[in-house]
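To start, the structure itself, in structure tokens.
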Amino acid sequence: QAPLHPPSVAAFDALRGLIGSEPRPLVFDSGCGTGESTRLIARQMPDCLVIGIDKSRTRLARTGAGTFPHREGNAVWLRADLATFWRLARRAGWQLRGHFLLYPNPWPKHKHLGRRVHGSGAFQWLLGLGGTVELRSNWQLYVEEFGIAMLLAGHPGAISELTADQPLSLFEQKYRNSGHTLWRYTGRISHRPPP
């Protein structure tokens with residue numbers, strides 16, 4: 001019910017103009033940070049259009065771009081508030097093939113549950129976008145909470161220790177190098193008709 005974030009609305013409109021009616025399946029890299037994860041996912045999924053979204057201009061600038069949205073092949077980056085962006089994508093009837101949430105800020109205090117992806121009002125918009133979902137974190141409890149929220153929403157998935165060889169993000173590399181155990185949730189949200 002929060003008001004839409006006007007700069008994010010403008011970013012969404014600019015993105016729609018950039019990609020037009022391109023028929024590729026869509027993948028979101030939500031909270032993409034420096035955008036390296038978006039590049040890696042785009043290489044792994046060359047038939048998809050991979051959209052990296054982050055609210056920080058400073059982090060996004062590390063993609064090498066000066067303005068956003070910015071496109072390189074099948075990777076696109078833009079600066080936007082996730083809650084507004086997911087809401088607009090849902091309203092536009094977008095359905096995803098995949099959705100990555102890599103190392104979101106866990107907001108560990110109990111009073112900050114509403115700031116976690118699965119504790120916020122934006123969670124409904126994530127669910128409405130469908131597709132496979134992968135969340136990674138070095139904080140096991142956060143991944144377990146997300147898995148429970150997905151299960152309660154009717155979308156069971158799997159939680160496992162992450163043993164992949166190639167890190168998808170700088171955070172993942174940092175935590176792996178420092179000896180952290182890494183965790184992930186993977187699951188699938190069945191597609192639903194547009195609102």
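The values are calculated or read from the model by the stated rules, or taken from the named source; none is laboratory data. Everything numeric here is computed off the predicted structure, so don't read it as measured data. We place every Cβ from the backbone using ideal geometry, glycine too, and count neighbours over all the protein chains shown. When the accessible area is computed, the model is the full protein with side chains, heavy atoms only, and any ligands, DNA or RNA have been set aside. Shrake-Rupley method; radii C 1.70, N 1.55, O 1.52, S 1.80 Å.
Before moving on, here are some points about what is shown:
- Calculated from the alpha-carbon coordinates, region 115-172 shows an Rg and a Dmax of 12.1, 34 Å respectively.
- Taking all protein chains into account, the per residue accessible area for region 90-195 stands at 52 Å² (1.4 Å probe).
- Kirkwood hydrodynamic radius (C-alpha pairs) into Stokes-Einstein, region 30-111, 37 °C and 0.692 mPa s, D in µm²/s: 246
- Rel. contact order, % - alpha carbon contacts under 8 angstrom, at least six apart, the chain: 20
- Region 5-55, accessible area per residue, ligands and nucleic acids excluded (1.4 Å, Å²): 42
- In whole percents, the pair-distance distribution calculated for region 52-159 from its alpha-carbon pairs, binned every 5 Å from zero, is 2, 11, 19, 23, 21, 14, 7, 2, 0.
- Within region 3-90, trypsin sites (Lys or Arg not before Pro) in DSSP loop having at most 13 other beta-carbon neighbours inside 10 Å: ARG62
- Averaging the Cα positions of each part gives two centres, and for region 1-80 and region 126-195 these lie 20 Å apart.
- Residues considered: ASN105, ASN177, ASN74. Largest GNM mean-square fluctuation over the chain, using C-alpha springs under 10 Å, is found at ASN177.
- Within region 28-70, all pairs of alpha-carbon atoms sorted by distance into 5 Å bins from zero give the percentages 5, 27, 34, 21, 10, 2.
- Comparing mean-square fluctuations of GLY35, GLY114, GLY147 from a GNM of the chain with C-alpha springs under 10 Å, the top value falls on GLY114.
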